[in-house]
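> Before I ask anything, let me first share the structure, which is written out below as structure tokens.
Nothing in this text is a laboratory measurement; each read-out follows from the coordinates by a stated rule. None of these values were measured; they are calculated from a predicted model. Counting neighbours? That spans all protein chains shown, and the Cβs are built from the backbone with ideal geometry, glycine included.
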Amino acid sequence: MSIRTFERTDLPSVICLWNESVSSGEVVYYSLSEEYFHSKFEQDPNYDPRFTLVAEENGQIVGFINGIAKKVFLDKETNENTPGYITCFFVRKDVRRRGIGRALVDALCARFQGAGKHTVAVCNDNPVNLDWHIPMTPDHDHNNTPGIDMDCPGYAFAKAMGFQEVAREIAMYLNLKDYIPWDGIKKKQEELLAQGIYTGRYDPSLDYDYDRVCDRVGSDYWREVIRSEIKCWKENRPNTDVRFIPNGTKIPAGPRPMLVATHDRHIVGFTGPVDLQESGRGWFCGIFTDPEYEHRGIAPILFHSLMQEFLAEGAAFSTLFTGEDNRAQNIYLRTGFRAARRFAIMKKTL
């Protein structure tokens, strides 16, 4: 058995290996195709073939692993302070427990070390997002996994390899026909407005400050999302070529709505941008409230407003991730969401 860099001629074998795990129910990923591999891996600006490896035995591909080292960085990120990311790994079922998985991970970690990495992680900062199907739904999906699925064999394997579990994320799901509206939303909005706090769609021409809240919640990702959406609005162009509605009809895309709470020319709460995926999923990047404005009802207002925007767009369902200990789960549960899957964020020092 040997470990080597993936070659394009290996792809049919990797597709079979990947799809065997999908069809057996070991993983909830989309099935792999040449087109999907190309769009998810090879077209990603961070892709580097050095970090995609296969295990070969007697001329057959028996294992596969993909890793990513960022080339495109957020503010304050560098090659040195970001980890090497493991996206996925597979070992053919009939040759497991023979050290093939360990050899793949060790080889990838060695290449990460050679690239100046100090840690390796399986987490939601990985720029390659793998789509997955939500069990017990009409083929509804989510567009990324924030760690290792705790119900798949890879979770126990990673722990045996010395990866430390640093957090858990819960995938939550809502079929929007089961959405539970909040009767008191308008009254709460009026109460906040009397305090000078507006909640609703954001008018980007106001140019309110958003750096303060992003600093306070510690997210350069959300800062970049807001910055990007405002730039698209100013240039009167969409962030994507088209939007979709569930019956497949394409409609022209424009700048996407953002829902905010504002006070004294500052954004103090945010959710969105409101978008609709081809699958019928109502998409958004997250929700947050300035810590100095918590416990005023801002987050429930924004979240219910988001669900109402999804319904108006024709979305069929929505999904999200939240920390296992995040109190915001209470908001999601009251809206009708349910826990669908658990994922572990795992890291290892090199």
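> So for the chain, taking the charge dipole from beta-carbon charges (+1 Lys/Arg, -1 Asp/Glu), which of 172, 293, 213 sits furthest toward the positive end?
Going by the charge dipole, the pick is 172.
> Now for a different question. Pick out, from 24, 103, 66, the residue whose Cα sits farthest towards the positive end of the charge dipole of the range 19-124, with +1 on the Cβ of Lys and Arg and -1 on the Cβ of Asp and Glu.
Ranked along the dipole, the leading option is 103.
> Is the C-alpha gyration tensor of the chain telling us rounded, prolate or oblate? Criteria: a/c under 1.5 is rounded; beyond that, a/b larger than b/c is prolate, otherwise oblate.
Numbers: a/c = 1.98, a/b = 1.78, b/c = 1.11.
It is prolate, given that a/c is not under 1.5 and a/b is the larger ratio.
> About the Cα centre, and with charges only on the beta carbon of Lys, Arg (+1) and Asp, Glu (-1), how big is the dipole of the chain? Nearest 20 debye, please.
520 debye
> May I pose another question? Where the centroid of each part is defined by its Cα atoms, how far is the range 134-210 from the range 1-74 in Å?
Each part's Cα centre sits 28 Å from the other's.
> Shape of the range 42-98 from its Cα gyration tensor (a ≥ b ≥ c, root eigenvalues): rounded if a/c is under 1.5, otherwise prolate when a/b > b/c, or oblate?
Verdict is prolate for the range 42-98.
> Let me ask something else about it. Indicate the gyration tensor shape class of the range 269-350 (rounded, prolate or oblate), computed on the Cα atoms with a ≥ b ≥ c the square roots of the eigenvalues: a/c under 1.5 is rounded; otherwise a/b larger than b/c is prolate and the rest oblate.
Cα axes put the range 269-350 in the oblate bin.
> In this model, which of 76/348; 40/234; 40/347; 117/159; 40/159; 71/234 are farther than 25 Å apart at the alpha-carbon?
40/234; 40/159; 71/234
> If the cut-off is a Cα-Cα distance under 15 Å, which aspartates and glutamates reach residue 177, setting aside same-chain residues fewer than 8 apart in sequence?
Candidates past the 8-residue exclusion: 309, 313.
> Below 14 angstrom from the Cβ of residue 296, what's the summed charge of the other residues (Lys, Arg +1; Asp, Glu -1)?
-3
> So, one more: So, by mean Cβ neighbours within 10 angstrom, what's the order for 22-29, 89-96, 337-344, 303-310 with the highest one leading?
Averaged packing, sorted descending, gives the order 303-310, 337-344, 89-96, 22-29.
> As a check on your grasp of the helix formula, calculate [θ] at 222 nm for the chain: sum -39500 (n - 2.57) over DSSP H runs of n ≥ 4, divide by the residue count, round to the nearest 500.
About -8000 deg cm²/dmol.
> So what J values fall out for the range 132-141 if you push phi through Karplus, 6.51 cos²θ - 1.76 cosθ + 1.60 with θ = phi - 60°, rounded to Hz, Gly and Pro as x?
Once θ is set to phi - 60°, the couplings for the range 132-141 become 8, 8, 7, x, 6, 9, x, 6, 6, 9 Hz.
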